[in-house]
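No lab work stands behind these numbers, since they all come straight from the coordinates. Model, not experiment: these values are computed from the prediction. When we count neighbours, we look across all protein chains shown, and the Cβ atoms used for this are built from the backbone with ideal geometry, even at glycine.
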Amino acid sequence: MPRPTPPDERVIVRRRQVGEQIRRVREHHDLTQHDVCGRSGIDIATYSRIEQGHSSPLLDTLIRIADAIGCELADLVR
């Protein structure tokens, strides 16, 4: 089975931007990572990797994060 190709630099940059935006929205709502994880059912290690831009969340995960924060999905990816 061939290895997946690593993402190019623009994908990595965009992933970090999305993670930073998620963090900004979470902090704007005065929530901790633990608050969001408790409300969404996402484990803290996974959530932390998303905010740091080390992991690309699935759409379902982004929806769970938006619901946990109490914001629109679009607010997370602006």
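Remarks
- Simple Cβ-charge dipole of the chain, Lys/Arg +1 and Asp/Glu -1, about Cα centre, in debye nearest 20: 300
- Hydrodynamic radius (Kirkwood) for the range 19-78, which is based on Cα pairs only, to one decimal in Å: 10.9
- Modelled this way, with points 7 Å down the Cα-to-C-beta line, the labels at H34 and L59 are 3.4 nm from one another.
- In the chain, a dipole from Cβ-located charges (positive for Lys and Arg, negative for Asp and Glu) runs towards its positive end, and of T61, C37, V18 it is V18 whose Cα lies farthest in that direction.
- Helix-derived mean residue ellipticity, 222 nm - over the chain, DSSP H n ≥ 4, -39500 (n - 2.57), to 500: -19500 deg cm²/dmol
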